[in-house]
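The values are calculated or read from the model by the stated rules, or taken from the named source; none is laboratory data. Given the structure is predicted, the values throughout are model-derived calculations rather than measurements. Here Cβ is always computed from backbone atoms with ideal geometry, including for glycine, and neighbour counts include all displayed protein chains.
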C-alpha cells in the first residue's frame with residue numbers, strides 16, 4: 001500500500017440541492033443520486049485551513065460536475081455559483097490521506113457526455 005500525493009473531498013447533497021433537483025426535474029422522489037457522494041481528488045494540503053483554500057480553488061469545477069449529474073441543461077443551473085452557495089448545497093468532508101491499494105498505475109480519463117450518461121444509468125439501475 002502506498003499513499004499518493006493527493007487528498008480528497010467527499011461532496012454529498014444537502015436539502016437545498018434536493019429541492020432544486022425536484023424543481024427542475026419535476027421528480028419528487030429524488031433518491032437515486034442522493035445516496036452517493038461525489039469524491040474528488042485535490043492537491044495535497046497540510047491542515048484544515050489549507051484544505052478550505054484548496055477547495056475554494058476547485059469548488060466551481062466540482063459544483064458544475066455535481067449539477068451536470070443532476071441536470072443536463074446549464075441554463076437551469078443556479079447563478080451565480082458562489083462558494084457560499086456551494087457550502088449551502090453540499091455536505092463537505094475532507095480526506096487528508098489517500099492510500100492506493102492497487103498495483104496498477106493511476107490513469108486519467110476525460111469525462112465526456114457519454115461517460116456521464118453511463119454513470120447516470122448505472123446509478124438508476
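Identify the residue in region 75-116 that is part of a helix (DSSP H, G or I) and loosely packed, with under 10 Cβ neighbours inside 10 Å and, among all such residues, is modelled with the highest pLDDT.
The residue in question is 84.
State the number of residues belonging to region 46-72 that are over 17 Å from residue 12 (Cα atoms), in contact (Cβ under 8 Å) with a residue 24 or more places away in the chain and loosely packed, with under 14 Cβ neighbours inside 10 Å.
Adding up the residues that qualify gives 1.
Quick check on region 16-26. Is at least one of its residues touching a helix residue (DSSP H, G or I) at 6+ places or on another chain (Cβ under 7 Å) and at pLDDT below 80?
Within region 16-26, not a single residue is touching a helix residue (DSSP H, G or I) at 6+ places or on another chain (Cβ under 7 Å) and at pLDDT below 80.
Pairs, please: C-beta under 6 Å, at least 6 apart or cross-chain, first residue closer than 16 Å to residue 49 by Cα and in region 77-98, second at pLDDT 95 or above and surrounded by fewer than 12 Cβ atoms within 10 Å (Cβ to Cβ)?
The qualifying pairs are 83/56.
Given the residues 52, 62, 119, which is the only one that is at pLDDT 80 or above and touching a helix residue (DSSP H, G or I) at 6+ places or on another chain (Cβ under 8 Å)?
The conditions single out 62.
With the checklist (1) surrounded by 15 or more Cβ atoms within 10 Å (Cβ to Cβ); (2) out of contact with any helix residue (DSSP H, G or I) (no Cβ under 8 Å at 6 or more places or on another chain); (3) touching a residue at least 40 places away in the same chain (Cβ under 8 Å); (4) more than 28 Å from residue 113 (Cβ to Cβ) in hand, flag the one item residue 1 doesn't pass.
Just one mismatch for residue 1, condition (1).
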